[in-house]
Amino acid sequence: MAQTAREELGETDAPVEDQVVQAFDKIVDEGAQRLHRSWREVLTTGLAGGLEVATGVVALLAVYAATGSHLLAGLAFSIGFVALMLAKSELFTEGFLVPVTAVVAGRASAGQLGKLWAGTLVANLVGGWLVMWLVVHALPELGATAVESGRTFVEAPLDLEAVCLALLAGAFITLMTRMQHGADSETGKLAAAVAGAFLLAGLVLFHSILDSLIIFGAIHHGAPYGYGDWLAWFWYTTLLNVVGGLVVVTFLRLVRSKELLERERAAARS
């Protein structure tokens, strides 16, 4: 009878499944560590993230130039997400689940979250800008492909389609983050990275960092559009990426972990 009761309750005394407890604890601990970084650590990690995700953009442009297939290019872009995962770097849009959960759990402040978001966003863009300058001058044929691809974003009107593309991008990359934290092996994490890249780049969703790097490459190559056109697209894409990640994915995870959050906040206050 005792064994049956233990099996029903799980290995922990929390009112949710053991797997949820383990994933929650892992997310909160990691989020707290990331949020307590210094400005130097935030900026250098974000800069490295921009450099590494740019490797995926290079692969994306090369495959698209050779095949004309967005789906194959999306698979090639997974190189960037794999590099991010293995190098433990930071991408702005990966900060919508783990750090937010740590803040809600009382392990960090909203100000620290703002520092992480702002520092990582700027550093990602700077790192990506630098790599795309090198790529366009080293491989000018990819610059022409970037000009063609960049038009998709800078010429897009702010309509319902654009809003949905940006919301989905934020939701899908946040789901990728959740999948990686739920994986028990490196193979599972790699599979999540490939799946996330395929959805984002293969379906040409509006992603604030990935697509900005494509636009930067196009501008370096002499595109007939410039940084003003990029900003006109970038501001709403970034905002909607955040909304998609927080509302569509993170909010549901927080609701599911309500009791765990209350336990964590109580422990933080004591």
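The values are calculated or read from the model by the stated rules, or taken from the named source; none is laboratory data. Here the structure is a predicted model, which means the values were calculated and not measured. Don't worry about glycine lacking a Cβ; one is built from the backbone with ideal geometry, like all the others, and counts go over all protein chains shown. These accessible areas exclude ligands, DNA and RNA; they are computed on the full protein's heavy atoms, side chains included. Shrake-Rupley method; radii C 1.70, N 1.55, O 1.52, S 1.80 Å.
Using alpha carbons only, how many angstrom separate the centre of region 236-270 from the centre of region 107-130? One Cα centre to the other: 18 Å.
Quick check: at a probe of 1.4 Å, how many percent of the accessible area of region 43-136 sits on carbon and sulfur atoms?
On the way: 2480 of 3230 Å².
Carbon and sulfur: 77 percent of the exposed surface of region 43-136.
If I histogram all Cα-Cα distances within the chain using bins 5 Å wide from 0, what percent of pairs lands in each bin? Answer for the chain: a P(r) of 1, 6, 12, 16, 19, 15, 11, 7, 5, 3, 2, 1, 1, 0, 0 percent. Counting only protein heavy atoms and a 1.4 Å probe, region 25-268 has 41 square angstrom of accessible area per residue.
Of the residues 92, 237, 117, the one whose Cα sits farthest toward the positive end of the charge dipole of the chain, with +1 on the Cβ of Lys and Arg and -1 on the Cβ of Asp and Glu, is 117.
Placing a pseudo-label 7 Å from each Cα along the Cα-to-Cβ vector at residue 122 and residue 159 gives an inter-label distance of 3.6 nm.
Please report the relative contact order for the chain, taking Cα pairs under 8 Å with a sequence separation of at least 6, and give it as a percent rounded to a whole number.
Working: 398 pairs, mean separation 72.9, N = 270.
After rounding, I find 27 percent.
Along the axis of the charge dipole computed for region 114-225 (Cβ charges of +1 for Lys and Arg, -1 for Asp and Glu, origin at the Cα centre), the listed residues 150, 209, 220 are led at the positive end by 209.
Heavy atoms only, probe 1.4 angstrom, no DNA, RNA or ligands counted: give me 132, 85 ranked by accessible area, highest first. Show your work: numbers first, answer last.
Values: 132 0, 85 30 Å².
Solvent-accessible surface, decreasing: 85, 132.
Taking the alpha-carbon centroid of each part, what is the distance from region 137-208 to region 72-103 in angstrom? That distance is 11 Å. Only lysines eight or more places from residue 258 in sequence, or on another chain, were considered; those with a Cα closer than 23 Å are 26. Basic side chains Lys and Arg get +1 at the Cβ, acidic Asp and Glu get -1 at the Cβ, and with that the dipole of region 25-268 about its Cα centre reaches some 660 debye.
Peptide packing: for 244-253, 99-108, the average count of neighbouring Cβ atoms within 10 Å per residue gives the ranking 99-108, 244-253, highest mean first.
Mean sequence separation of contacting Cα pairs (under 8 Å, at least six apart), scaled by the length of region 32-124, corresponds to a relative contact order of 45 percent.
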